[in-house]
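Report on the structure given below.
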Amino acid sequence: MAADRYQAMFSRLAEEQRGAFVPFVMLGDPDKATSIEIISALVDGGADALELGFPFSDPIADGPVIQKAGIRALANKIHQQDCFEILSEIRRRHPQTPIGLLLYSNLVFHTGLDAFYAKAAQAGVDSVLLADVPLREAEIFQQTAQAHNIHHILIAPPNADDEALKQIASQSSGYIYLLGRAGVTGTETAANAPVKAMVDKLSVYKGAPSVIGFGISNPAQVKAAIGDGAAGAIAGSATVKIIEQHLHDVPAMLSALKAFVAEMKSAT
Amino acid sequence: MNSLPSKFGPFGGMYVPELLIPALDQLEQEFIKAQNDADFQQEFMDLLKNYAGRPTALTKTRNIVSNPLVTLYLKREDLLHGGAHKTNQVLGQALLTKRMGKTEVIAETGAGQHGTATALACALLGLKARIYMGAKDVERQAPNVFRMRLMGAEVIPVDSGSGTLKDAVNEALRDWSANYEKAHYLLGTAAGPHPFPTIVREFHRMIGEETKAQILAAEGRLPDEVIACVGGGSNAIGMFADFIDDKDVGLVGVEPAGKGIHTHEHGAAIAKGTMGILHGAYTYIMQDEDGQIEESYSVSAGLDYPAVGPEHAFLHYTGRARYESATDDEALAAFQLLAQKEGIIPALESSHALAYALKAAEQATKPTLMVVNLSGRGDKDIAHVQQFLKGAL
């Protein structure tokens, strides 16, 4: 990172006195070409940053909507190489937008840690969050990420004790992923974490800005979370659901995505 | 941080969402306390003896081995209440559930043996059980589904992915991550994140301990080899645990070779897999060139799993245990032979261990004392095997 895109984003938003809106979609869903257009539409709609998933056969932290997105991508023969190619194209089109990956550890292990982070850096990725790597197993991933100038994002769950929050705050780089609630990704259950109390604690420990995700699907939630001190909000399943609903009409899909992002962004 | 070692060499660990760490830590602490609590141990022992029927017999085979140099014993976990070794550790974990003040149990099951054991323990101890089972397995294991429901468990078919055991584990983990406050995830094999592989081993280690005492009483010496089938590896680790320090005792795990380990249809994660992370542990797994988990295959649903418990990965890695494999056909032949020669119908899972033992017995050129862990009985497999053999009997 010549310049840190997350820092630049958070400074800009601080000046604007607004929070970030970060949509999540699955790379390669439903296919490579459409995926590139989808992600561009998110940025055009006003996304401050992007969270992008790699499809994986066994996504234990994901609910049905994101599981299906992964299945669609895998069914269309999306390989890791395709994901990196999509990322490179997105980076070319949107040089300033922070890009975070959210994926499962076996994909990184299988490629080899050094090779994976090198490819990610090459494709212009700013951060990596591994859904199944808790702080306790994070060290080797953190070190490799750092060696490639990539932020290693940690999750702060609502059930973490103070000691765990302190560790997470001190070690999550770029931003902290504040878990909106227990469970897996999905819009079935709304976020209910005590955002204000958690943000206060994390800021006492001088952590990176907190961005809330899990169970975020409407502008009112975004507004409330930012009111409680979160630096931004991530919506995954709600975004992916729009893709799922418009699989047979890509132009309608893209305009619905833009409208959704604009609406969520307006609540920041 | 962990109080017990969370890894076996490089294998194992806790590759789960941060959200599940407090629940796994709570489980580890409660397990340590329970292991040092005389009242807990007494209740566990009492259930094992008076409810489940331990100790199980060690039976010397009379007819099945033709090589006069070989003596083959069977550890009769098939005689345990519930029909397989699974009941041992389920009782232990069900007691832990109560100790933690939790009222619900989540479990996954492949063949339905772990689900059955979970259902019976929950019925006995007043816990509410919900059991995830691949939709395909629900179809091919109908009698066990009925058994579980009869004992009051809710059986939830899982359609996602391949609709088998691996997907049932995914769904159980998802459920647990929403409900860990009131529910315990009663994992059924010696796999998954720490502390499960350790807890499952410790709650099954009486298999090997009893075997050791029984074989010493019967033969005056330790066996040359103890042999057990390996899917996730719970019966094998229970058999091996007490023999690991007896360096002269060979430990042999037998993986399912399905239609042959040269094909894509098998479940031999150690023989043909590579290292990676599945269901919370770093171990040998079956995966494609992109790191996507592959579907395993075996005639026996209980061995149909594309990974292996991390301690087996370690025992293989260090060379302390040896891992062989047996095909569907070899297992089916052993299944029939044990019925014909000894009047015992083994589970298809256990038939894999027996198939290897019979092959090794034929080839033995010096006096050899072998024990096969007959991990379960074959009643559940009768209809399935009948289909395979139609016309042959």
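The values are calculated or read from the model by the stated rules, or taken from the named source; none is laboratory data. Owing to the predicted nature of the structure, the values given are computational and were not obtained by experimental measurement. Don't worry about glycine lacking a Cβ; one is built from the backbone with ideal geometry, like all the others, and counts go over all protein chains shown. Just the protein is used for accessible areas: all its heavy atoms, side chains included, with ligands, DNA and RNA removed. Shrake-Rupley method; radii C 1.70, N 1.55, O 1.52, S 1.80 Å.
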Collect the residues in the range B:342-363 that are part of a loop (DSSP other than H, G, I, E, B) and open to solvent by 20 Å² or more (accessible area, probe 1.4 Å), keeping them in residue-number order. B:G343, B:I345
Please give the strands (runs of 3 or more DSSP E) falling wholly within the range B:225-289 in which 1 or more residues are within 14 Å of chain A (Cβ to nearest Cβ) and of a type in the set (F, W, Y). B:281-285
Residue ID - farthest from the other protein chains (Cβ to nearest Cβ), chosen from residues in the range A:127-140 that are assigned to a helix (DSSP H, G or I) and of a type outside the set (V, I, T): A:E139
Output the residues belonging to the range A:174-183 that are in a loop (DSSP other than H, G, I, E, B), in contact with a strand residue (DSSP E or B) (Cβ under 7 Å, 6 or more places away or on another chain) and either at pLDDT below 95 or farther than 9 Å from A:L154 by Cα (or both). A:G174, A:G180
Could you tell me how many of the residues in the range A:166-183 are more than 10 Å from chain B (Cβ to nearest Cβ) and in contact (Cβ under 8 Å) with a residue 60 or more places away in the chain? 2
For the subset of the range A:147-165 comprising residues that are open to solvent by 20 Å² or more (accessible area, probe 1.4 Å), over 13 Å from A:A208 (Cβ atoms) and at pLDDT 95 or above, which member is farthest from the other protein chains (Cβ to nearest Cβ)? A:N149
Determine if the range B:75-93 includes at least one residue that is closer than 30 Å to B:T274 by Cβ and within 14 Å of chain A (Cβ to nearest Cβ). no
Test for B:T327: is it surrounded by fewer than 24 Cβ atoms within 10 Å (Cβ to Cβ), polar (S, T, N, Q) and more than 14 Å from every other protein chain (Cβ to nearest Cβ): yes
Restricting the search to the range B:84-121, which residues are surrounded by 24 or more Cβ atoms within 10 Å (Cβ to Cβ), part of a loop (DSSP other than H, G, I, E, B) and of a type in the set (G, A, S)? B:G110, B:A111, B:G112
Of all residues making up the range A:36-85, the number that are closer than 18 Å to A:I234 by Cβ, more than 13 Å from chain B (Cβ to nearest Cβ) and in contact with a helix residue (DSSP H, G or I) (Cβ under 8 Å, 6 or more places away or on another chain): 13
Are there any pairs, at least 6 apart or on different chains, whose C-beta atoms fall under 7 Å, with the first in the range B:1-17 and in a loop (DSSP other than H, G, I, E, B) and the second among the aromatic types (F, W, Y), and if so, which? B:G9/B:F314; B:G9/B:Y317; B:P10/B:Y282; B:G13/B:Y282; B:Y15/B:Y282
When residues of the range B:6-31 are filtered for being crowded, with 20+ Cβ neighbours inside 10 Å, of a type in the set (G, A, S) and more than 16 Å from A:P158 (Cα to Cα), how many remain? 3
Might you let me know whether the range B:158-181 holds any residue that is away from every other protein chain (no Cβ under 14 Å), of a type in the set (S, T, Y) and in contact (Cβ under 8 Å) with a residue 12 or more places away in the chain? no
Taking the condition of being among the polar types (S, T, N, Q) and either on the phi > 0 side of the Ramachandran plot or surrounded by 22 or more Cβ atoms within 10 Å (Cβ to Cβ) (or both), how many residues in the range A:113-141 meet it? 1
